[in-house]
Amino acid sequence: MVDANGAYDLDAALELCRGLADFNVLCVEQPITYRDTAAMAQLREKSPVPLMADQMVENVADAVRVGQLKAADMVSLKLTKMGSVAECLRVAHVCAAMDLGVHLGGCAAPGIVDSAITRLALSTPEIGVYAEAGESRALLDDQVSGVVFTGSFATSDGRPGLGGVAPQFAA
């Protein structure tokens, strides 16, 4: 996966995608600014590499627009971007109905967010095999995790809810 973060115009993005075609990349993530869904659709028509919409999809309406315009092959859901597990589920269902792949993206956030991401990925069939979790591992003294990391794999700690350890409060 190559994340372009919306840095290219249509012509440069097409040149990038053509240049990456022989490298068997999974996709190019958000090559064109998130405000230009029409240009993403034009790029998708010509790109030899699958495209992932990221910042341009923050809710169900955005996912519908991307699907209707055929502006991407897959969508990256982010719990912190969408605001709730429920909205991520709604968008995942809409994407699946519109034949868009679903990727679950991560972000730098406390372990409780990684726990929610991991549980969402494990319990939602629409989410493909690619999900990002683990950036919380870089935080110092994170109080709640709920995720067990083994190498590059993450799974639930098996506790109810979001898991993790309840914070200890002083008396």
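The values are calculated or read from the model by the stated rules, or taken from the named source; none is laboratory data. Source: prediction; values computed, not measured. Please note: Cβ atoms are built from the backbone with ideal geometry, for glycine as well, and neighbour counts cover all protein chains shown. Side chains are part of the model used for accessible areas, which takes the heavy atoms of the whole protein and leaves out ligands, DNA and RNA. Shrake-Rupley method; radii C 1.70, N 1.55, O 1.52, S 1.80 Å.
This table checks each residue for (1) among the hydrophobic types (A, V, I, L, M, F, W, C); (2) open to solvent by less than 30 Å² (accessible area, probe 1.4 Å); (3) not in a strand (DSSP E or B).
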| residue | (1), (2), (3) |
| --- | --- |
| L14 | yes, yes, yes |
| V25 | yes, no, yes |
| V64 | yes, no, yes |
| G67 | no, yes, yes |
| C88 | yes, yes, yes |
| A108 | yes, no, yes |
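State which residue is farthest from the chain's Cα centre (by Cα) when the search covers only region 121-138 and only residues that are at pLDDT below 80, open to solvent by 80 Å² or more (accessible area, probe 1.4 Å) and aliphatic (A, V, I, L, M).
The selected residue is A138.
Counting only residues that are within 10 Å of the chain's Cα centre (by Cα) and not basic (K, R), which one in region 66-82 is nearest to S47 (Cα to Cα)?
In this case the residue turns out to be M74.
State yes or no: is M40 outside any helix (DSSP H, G or I), in contact (Cβ under 8 Å) with a residue 12 or more places away in the chain and at negative phi?
When the stated conditions are applied, M40 does not pass them.
Among the numbered conditions (1) at pLDDT below 95; (2) open to solvent by less than 30 Å² (accessible area, probe 1.4 Å), tell me where T155 comes up short.
Just one mismatch for T155, condition (2).
Pairs please, first residue from region 4-23 and in contact (Cβ under 8 Å) with a residue 40 or more places away in the chain and within 14 Å of A39 (Cα to Cα), second anywhere and in a strand (DSSP E or B) and open to solvent by less than 80 Å² (accessible area, probe 1.4 Å), Cβ atoms under 7 Å, 6+ apart in sequence or on different chains.
G6/I32
Out of all the residues in region 93-106, which are assigned to a helix (DSSP H, G or I) and surrounded by 22 or more Cβ atoms within 10 Å (Cβ to Cβ)?
If the condition is that a residue be assigned to a helix (DSSP H, G or I) and surrounded by 22 or more Cβ atoms within 10 Å (Cβ to Cβ), then V94, C95 are the ones that fit.
If only one of T118, T80 is β-branched (V, I, T) and surrounded by fewer than 19 Cβ atoms within 10 Å (Cβ to Cβ), which one is it?
T80
Quick check: is even one residue across region 46-57 without any contact (Cβ under 8 Å) to a residue 24 or more places away in the chain and over 23 Å from L89 (Cβ atoms)?
No: zero hits.
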